[in-house]
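Undergrad: The following block contains the structure, expressed as structure tokens.
Bear in mind that the values in this text are calculations on the coordinates, not laboratory data. All figures in this text were calculated on a predicted structure; none of them were measured in a lab. As a convention, Cβ positions derive from the backbone with ideal geometry for all residues, glycine included, and neighbour counts pool all protein chains shown.
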Amino acid sequence: MLEYAEKLTTEPFNIQESEIEKLKMNGFVDKDILEINQVVSYLNYINRTADGLGVELEGEEEDISKM
């Protein structure tokens, strides 16, 4: 699952059917795979939006080099 999540983050255009099948062979059903996809995609969206606007997200740790 983590390999799928990483690839969805870094190169979603290269997701292959075989990767979906690998998830299924490891016990994930379509509903699970959809949920993984939605959560990963949403978090990527939020982070890219915040980064693009220069916004610090709530709970980010302070840069210790500035202390």
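Undergrad: Computed over the Cα atoms of region 2-54, what is the convex hull's projected area averaged over all directions, in nm²?
TA: Across all orientations, region 2-54 yields a mean hull projection of 3.7 nm².
Undergrad: Something else: Among all lysine pairs in the chain that are eight or more places apart or on different chains, how many have alpha carbons less than 22 angstrom apart?
TA: So the count works out to 4.
Undergrad: For labels at LYS24 and GLN38 in the simple 7 Å Cα→Cβ model, what's the distance in nm?
TA: 2.0
Undergrad: Describe numerically, in nm with one decimal, the distance between label points set 7 Å from Cα along Cα→Cβ at THR49 and at THR10.
TA: Between THR49 and THR10, the simple spin-label model gives 2.6 nm.
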